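Taking it in order: structure first as structure tokens, then the write-up.
The values are calculated or read from the model by the stated rules, or taken from the named source; none is laboratory data. Computed from a prediction, not measured in an experiment: that's the story for all the values here. Cβ: placed from backbone, ideal geometry, glycine included. Neighbour counts: every protein chain shown. SASA here: full protein model, heavy atoms, side chains in, ligands and nucleic acids out. Shrake-Rupley method; radii C 1.70, N 1.55, O 1.52, S 1.80 Å.
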Amino acid sequence: MKNLYLYLNIGTFLIPFIFSFYPKFQFYKKWKSLFPAIFIMMAFFISWDVIFTNNGIWGFNDKYITGFKILNLPLEEWMFFICIPYACLFTHYSLSYFFPNFSLSEKATSIFYVALLCVLIITLWYNYDKWYTLVNFGYAIILLGLVYNKNPKLLGRFLPSYFVTLIPFFMVNGVLTGSLIEEQVVWYNNAENLNLRIGTIPIEDTIYSLGMLLTVFVLLDYFESKKIKVTH
């Protein structure tokens, strides 16, 4: 289907956008913090994306995109970094609104953090020559370390909603990587990753999603806390 990537972006974004104006929730009031957080995240992830695309670590199937590109990245790829974080952060704050105690305990957060960090470090030890694995896991290790040591409760608030967003993540990313369609929308050079897949999704994509969303979440929380201090 021509423009499939565009339709996936719009479909992911549209419902959260509409419900952002729900009177009791008013997620739109966080836009002044959310969009700067997204754009800062994009400064890292787009730079990495451009380099990887230009070096054949991954690429895009012209059959499913509009063909309009900026810095050799399809328009849809730029939209991805806005639409997906928007939908996921909307999900996080919706869950927090309806379930105020929806977070991990300090002990559970510590166990998850140590376990994940061990897995990432050990995997990198044996696979540091694979660029997607190296950059993706390396970024996640640094980010998780900074967040956990600075504010572990923040990580405990983020993780449950991250687990929830993995459900739509597998649906959308599954299509992008070739599930239910003839060809991949986004293809990967398996020489630069672990070549382990969940269905059609490279295992690294789960950590990629965690790093992208946690970056936006931490920055959004920081900007929101600044707003509260100013108003007081």
Quiz item: For residue 221, what accessible area in Å² do you get when you roll a 1.4 Å probe over the heavy atoms of the protein chains, rounding to the nearest 10?
Solution: 40 Å²
Quiz item: From the Cα gyration tensor of the chain, with a ≥ b ≥ c the square roots of its eigenvalues, which class applies: rounded if a/c is under 1.5, or else prolate if a/b is larger than b/c, or else oblate?
Solution: oblate
Exercise. Mind checking which of 112, 100, 74 is farthest towards the positive end of the range 1-121's charge dipole, using Cβ charges of +1 (Lys, Arg) and -1 (Asp, Glu) about the Cα centre?
Key: 100
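Taking the Cβ of residue 197 as the centre, find all other residues whose Cβ is under 13 Å away and add up their charges (Lys, Arg: +1; Asp, Glu: -1).
Values: positive: none; negative: 204, 205.
Overall, the nearby charge balance is -2.
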Quiz item: Taking Rh as the Kirkwood radius computed over C-alpha pairs, what is the Stokes-Einstein D of the range 43-142 at 10 °C in a medium of viscosity 1.306 mPa s, expressed in µm² per second?
Solution: 96 µm²/s
Self-check item: Inter-label distance for residue 101 and residue 15, nm, one decimal - labels placed 7 Å from Cα along Cα-to-Cβ
Solution: 2.8 nm
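Test of understanding: what is the full-extension gain from residue 163 to residue 50, defined as 0.36 nm times their sequence separation minus their Cα-Cα distance? Don't jump to the answer; show the numbers that get you there.
Values: separation 113, 0.36 × 113 = 40.68 nm, distance 2.80 nm.
So the extension gain works out to 37.9 nm.
Relative to the Cα centre, what is the charge dipole magnitude of the chain, using +1 at the beta carbon of each Lys and Arg, -1 at the beta carbon of each Asp and Glu, and rounding to the nearest 20 debye?
Details: 16 positive and 13 negative charges, 212 e Å.
So the dipole magnitude of the chain works out to roughly 1020 debye.
In a shell of Cβ-Cβ distance under 14 Å around residue 52, excluding residue 52 itself, what net charge do Lys and Arg (+1) and Asp and Glu (-1) give?
Values: positive: 130; negative: 49, 77, 192, 204, 205.
Residues close to residue 52 contribute a combined charge of -4.
Using only C-alpha atoms and all pairs of different ones, pull out the Kirkwood radius for the range 142-232 in Å with one decimal. Walk me through the numbers before you get to the answer.
Numbers: mean 1/r = 0.0661 Å⁻¹.
Every distinct Cα pair counted, the radius reaches 15.1 Å.
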Self-check item: ³J(HN,Hα), Karplus 6.51/-1.76/1.60, whole Hz, each residue of the range 164-171, x for Gly, Pro
Solution: 5, 5, 5, 5, x, 4, 5, 5
Self-check item: When each of 2/29; 30/69; 32/107; 153/227; 150/227; 107/150 is checked by Cα-Cα distance, pairs over 25 Å
Solution: 2/29; 30/69; 32/107
Practice problem: In whole Hz, with x marking every Gly and Pro, tabulate ³J(HN,Hα) for the range 26-36 from phi via Karplus 6.51 cos²θ - 1.76 cosθ + 1.60, θ = phi - 60°. | Solution: 6, 4, 4, 5, 8, 4, 5, 9, 5, 5, x
Exercise. Note down the magnitude of the dipole of the range 15-86 about its Cα centre, charges +1 on Lys and Arg C-beta and -1 on Asp and Glu C-beta and zero elsewhere, to the nearest 20 debye.
Key: 440 debye
